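Student: My questions all concern the structure below.
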Amino acid sequence: MKKQAELFFAFLKVPIDYLTLVCAGLLAYVLRYQTSIKEIRPIVFDLPFREYFIFVLICAFTWIFVFAAAGLYSFARRKITDELVKIILACSAGMTAIIIYMFFVRELFSSRFIVLTAWVLSIFLLIIVRLFVRRIERSALKGGMGAHNVVIVGDDKDTEAIIHTFNSEPELGYKIIARVREFAEEDQKTLLDLHREKGIDEIIQTDSSLSRRISSALADFCAEHNILFKYAAGQFEARTTNVEVHMIAGVPLIEIKKTKLDGWGKIAKRIIDFIFSSILIIIFSPLMLVIAILIRLEDRGPALYRNERVHSKGTFNVFKFRSMYVKYCVGKQFENHTDQKAVLEFEQKLIKENSERQGPVYKILHDPRRTRVGRFLERTSLDELPQLFNVWLGNMSIVGPRPHQPREVEKYAKHHRHVLDIKPGITGLAQISGRSDLDFDEEVKLDSYYIENWSLRLDFWIMLKTPFIVLARKSKV
């Protein structure tokens, strides 16, 4: 059940958006008739204010339906970047409809200035207003207004992580009023009394290892007392979120698809990768040239190095800026320059002593093999810029799981190999999680979620968030 505060804020967005759109349209009209603008571009059309005002009122009303179709009035709590993308897309769709209409109805005004200015202003003003409303809503949630009373059921690592998140981020709208390890008979009586006293909005089973009997009892209890039930999906349930049913000989066969990234989605992702990588290569080519020169000035040797990585069809070379002294580099590219056996032995020693990550993937803290330029490149992630050429060539994507070396992949557990189902990426859900201390299993869990729930919208959200994460990150290299 939605709280009254949630219903209020969702309803409030509709009239606020409408007034904001009207203001954007009127402001565009006022700007067009400014003397300074008229001197630059004289007015060659007749547009009475009253006629234009009625037109704006009608258009703004129509746009509200476009916004609703785009999901801007849903009750789901979204990331701010996701909401901003929706605003831009919805305003662009609405303006496109107006332009098409004006093309066929010739008697309307033909001011491109007003149309373009109204479009830009609508996006800008809506973003400002939505941020303001969002700030008020978050403040209300922090104060407990509209927060959901939740009961946590579980006693594992995931349970502790969720509890910590709910307690440290009250703006998410969850207030933990009780926690039980298992759902025993005495727990049912306790929760029933608590429900009568405070009202339980949700019961969340955070431990996926609890027995089916306990899960069924929880679901029945919630259904009986009109409480929302949520549960953490186990490994098998997570796999079955993307299924396709085939009828053969009258028998329904269920196919568990590895990923939604297939068919036209795969084609669209490749086109976007090619376009974005081409643009970014052109933009960053001067910077890449400067970095290459700095690397060569500090330590003679190739500025770029080819590092062998694994994808679903075998291995390929990832291009990166060299961040280590040549004498410490490994790989076929440096076989004639260094004693590879000695270099690998030194690396294994550093992994044992200084690696901050557990599992098959390592990350060496305060790595003595790095050059001064290399440390800067690692901290800023500029060493990964040449991977744009991998994207352009098609053996990587802008967004996807992190690619790993063959010797790391050899140590994968069976469920880890799921991350090889799609192309690796420069950035991904694990990289923008906001945490620098992810262990490998947590990284795989996030990458698996991305693979199984892929969408172009998710890709754009990750790409938008990546620069902010890189700027905010404090590296320990």
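Student: When you go through (1) loosely packed, with under 14 Cβ neighbours inside 10 Å; (2) at pLDDT 75 or above; (3) acidic (Asp, Glu) one by one for GLU443, which number turns out not to apply?
Tutor: Condition not satisfied by GLU443: (1).
Student: Now for a separate question. Restricting the search to the range 446-465, which residues are modelled with pLDDT of 85 or more and either touching a strand residue (DSSP E or B) at 6+ places or on another chain (Cβ under 6 Å) or surrounded by fewer than 16 Cβ atoms within 10 Å (Cβ to Cβ) (or both)?
Tutor: SER455, LEU456, ASP459, ILE462
Student: Any idea which of (1) at pLDDT below 85; (2) touching a strand residue (DSSP E or B) at 6+ places or on another chain (Cβ under 8 Å) is the one GLY400 doesn't satisfy?
Tutor: Of (1) at pLDDT below 85; (2) touching a strand residue (DSSP E or B) at 6+ places or on another chain (Cβ under 8 Å), only one is false for GLY400: (1).
Student: Further question: Here is a check on your reading of the model: is PHE284 under 26 Å from the mean Cα position of the chain (by Cα), at pLDDT 85 or above, outside any loop (DSSP other than H, G, I, E, B) and within 24 Å of TYR450 (Cβ to Cβ)? Show your work before the answer.
Tutor: Details: under 26 Å from the mean Cα position of the chain (by Cα): yes; at pLDDT 85 or above: yes; outside any loop (DSSP other than H, G, I, E, B): yes; within 24 Å of TYR450 (Cβ to Cβ): no.
Criteria not met by PHE284.
Student: I want to confirm something. Restricting to the range 49-99 and keeping residues that are modelled with pLDDT under 80 and not charged (D, E, K, R), which single residue is surrounded by the fewest Cβ atoms within 10 Å (Cβ to Cβ)?
Tutor: ALA76
Student: Determine which single condition ALA342 fails, assuming it passes every other condition in (1) buried (at least 16 other Cβ atoms within 10 Å of the Cβ); (2) assigned to a helix (DSSP H, G or I).
Tutor: The single condition ALA342 does not satisfy is (1).
Student: A follow-up question, please. Out of the residues in the range 158-211 meeting the condition of being touching a residue at least 60 places away in the same chain (Cβ under 8 Å) and part of a loop (DSSP other than H, G, I, E, B), tell me which one is surrounded by the fewest Cβ atoms within 10 Å (Cβ to Cβ).
Tutor: Here the residue is ASP201.
Student: Does ILE275 satisfy being surrounded by fewer than 16 Cβ atoms within 10 Å (Cβ to Cβ) and under 18 Å from GLY374 (Cα atoms)?
Tutor: The answer is no for ILE275.
Student: Among the listed residues ASN390, ASN395, identify the single one that is part of a helix (DSSP H, G or I) and of a type in the set (S, T, N, Q).
Tutor: On the way: ASN395 fails: part of a helix (DSSP H, G or I).
Sole residue among the options that is part of a helix (DSSP H, G or I) and of a type in the set (S, T, N, Q): ASN390.
Here's the yes/no breakdown for (1) over 21 Å from SER433 (Cβ atoms); (2) of a type outside the set (Asp, Glu); (3) at pLDDT 85 or above:
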residue: VAL153; (1), (2), (3): yes, yes, yes
residue: TYR174; (1), (2), (3): no, yes, no
residue: GLU182; (1), (2), (3): yes, no, no
residue: ASP207; (1), (2), (3): yes, no, no
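Student: Which one is surrounded by the fewest Cβ atoms within 10 Å (Cβ to Cβ) among residues in the range 279-303 that are closer than 20 Å to THR427 by Cβ and touching a residue at least 12 places away in the same chain (Cβ under 8 Å)?
Tutor: Ranking the qualifying residues of the range 279-303, first place goes to LEU287.
Student: Let me confirm something: among LEU382, LEU393, LEU429, which residue is surrounded by 21 or more Cβ atoms within 10 Å (Cβ to Cβ) and closer than 27 Å to TYR305 by Cβ?
Tutor: LEU429
The values are calculated or read from the model by the stated rules, or taken from the named source; none is laboratory data. As the structure is a prediction and not an experimental result, all values here were calculated from the model. Here the Cβ is made from the backbone with ideal geometry for all residues, glycine too, and neighbour counts use every protein chain on show.
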